[in-house]
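The structure appears right after this line, and notes come after that.
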Amino acid sequence: MTNAMIEVVVQTVTRPVAGVRRFVLAAADGGLLPAFAPGDHIEVETPCGIVRPYSLCGDPARRDVYEIAVLREGQGRGGSRSMHDALAKGRGLRISEPRGLFPLRPGAAFTRLVAGGIGATPLVAMAHHLARERLAFDFHYCARDRDGLVFLPELQRLVPPEALHVHLSGGDEARRFDPRRHPLTDAARSAVYCCGPDRLMSAVRQAYRDVCPVHTESFKPSMPDDAMAFEVVLARTQRTVPVKADESILVALWRAGIERPLSCETGICGTCRTPWCGGEPEHRDALLTEDERKREMLICVSRCRLKTLVLDI
């Protein structure tokens, strides 16, 4: 969590579809909230104490409230469950100021937004901005079934009918959204933004990256395709902990009974910041400066380029 904290209260809670809660947050002192840009997120100190990042899905032109949508994750560490179970109208929360890691870049003559399920959250804010500025865009909304279309009523008001495309797979592989079947008319002057499951983002990148800029955001860091297992040595005890190819250093340490502070697990809050003193880290966070990376790393997302990494703990 960043240093600048904002006290807010829950103004309303709605349930747009099963498993999702939408929260409208207002400043506790009744004042205006800091301005935010399309694609920004806030870090929320959830009722159970875990910090989680949530994209702002409301209209960026409004400063009286922030809006976020939270999917209940049964396999998580409890952050989303506590948001669902413990938050009601009038409850107070602490949040960070808005932060932009997925900005809507100016200059494109046409913008394509591609969303998968709850991944629509930052793209809805982008749609608000594009519609208000009367910029050309379309929106491809992908889900297994209609329960995954959290923002459909809002998008039907924002996006012209001919520009809103809903893709429901019903679990059928042949009915999944295939971006290759939706070429861009003027690709050289277009830009594509996608947020959703890794599979969807990978397909979008492969379809459009050779013809126009493609910007993606994942709620959970994906492992690199060439991720390899390695070992972590704890310098102060000389204990060695193996890290599997499909797990983070943080998870490996917890699995070995070595408790380290954790929060966002996406490389943005800095809670798991850890000094290193040997090996060659592969930094995959969105927080540390180049100078900080010479001596520290975020072990929830960063890995090692060599067979051994030495942590100064």
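Please treat every number below as a calculation from the coordinates, not as lab data. For clarity, every value in this text was computed on a predicted model and none was experimentally measured. Please note: Cβ atoms are built from the backbone with ideal geometry, for glycine as well, and neighbour counts cover all protein chains shown.
Let a ≥ b ≥ c be the square roots of the eigenvalues of the Cα gyration tensor of segment 110-217; is it rounded (a/c under 1.5), or, if not, prolate (a/b larger than b/c) or oblate?
Taking the square roots of the gyration eigenvalues as a ≥ b ≥ c, segment 110-217 is oblate.
How about segment 80-177: which GluC sites (Glu not before Pro) there are in a DSSP loop, with at most 16 other Cβ atoms within 10 Å of their Cβ?
Glu133
Net charge around Gly100, counting only other residues with Cβ within less than 15 Å of its Cβ (Lys, Arg = +1; Asp, Glu = -1)? If you can, show how the numbers build up before the last one.
Details: positive: Arg99, Arg105; negative: Asp40, Glu43, Glu97, Glu217.
After counting each charged neighbour, the total is -2.
Just need the relative contact order of the chain here, percent rounded to a whole number, with Cα pairs under 8 Å and 6+ apart.
In percent, rounded to a whole number, it is 14.
Cα centroid distance between segment 81-135 and segment 167-203, in Å?
19 Å
Given charges of +1 on the Cβ of Lys and Arg and -1 on the Cβ of Asp and Glu, with all other atoms neutral, how large is the dipole of the chain about its Cα centre, in debye to the nearest 20?
For the chain, the charge dipole is close to 340 debye.
Under 8 Å for C-alpha pairs, at least 6 residues apart: give me the relative contact order for segment 144-238, rounded to a whole percent.
RCO, segment 144-238: 20 percent.
Using a 10 Å cut-off on Cβ atoms, rank the peptides 110-123, 90-103 from the highest mean neighbour count down.
Peptide ranking by packing, descending: 110-123, 90-103.
At q = 0.12, 0.24, 0.27 Å⁻¹, what log₁₀ I(q)/I(0) does a Debye calculation on the Cα points of segment 230-311 give, no solvent, two decimals?
Treating every Cα as an identical point scatterer, log10 I(q)/I(0) equals -0.28, -1.24, -1.57.
Sort Leu298, Leu158 so the one with the fewest other Cβ atoms within 10 Å of its own Cβ comes first.
With the sparsest Cβ surroundings first, the list reads Leu158, Leu298.
Please report the net charge: other residues with Cβ closer than 14 Å to the Cβ of Ala109, K and R +1, D and E -1.
Neighbourhood net charge equals +1.
Enumerate the amide H contacts of Val211 below 5 Å, restricted to partners 5 or more residues apart or on another chain; note that Pro and chain-start residues carry no placed amide H.
none
Compute from the Cα atoms of the chain the Rg and the Dmax, the latter being the longest Cα-Cα distance, and quote both in angstrom.
Radius of gyration, then largest Cα-Cα span, for the chain: 20.4, 63 Å.
I need the shape label for segment 57-184. Rule: rounded when a/c is under 1.5, else prolate if a/b > b/c, else oblate, with a, b, c from the alpha carbon gyration tensor.
Since a/c reaches 1.5 but b/c is at least a/b, the shape of segment 57-184 is classed as oblate.
Give me the net charge for the shell around Leu123: Cβ to Cβ below 12 angstrom, other residues only, Lys and Arg +1, Asp and Glu -1.
Here the charged neighbours net out to -2.
At a threshold of 8 angstrom on Cα-Cα distance, excluding pairs fewer than six apart, so keeping six or more, what relative contact order does segment 230-311 reach in percent?
The value is 36 percent.
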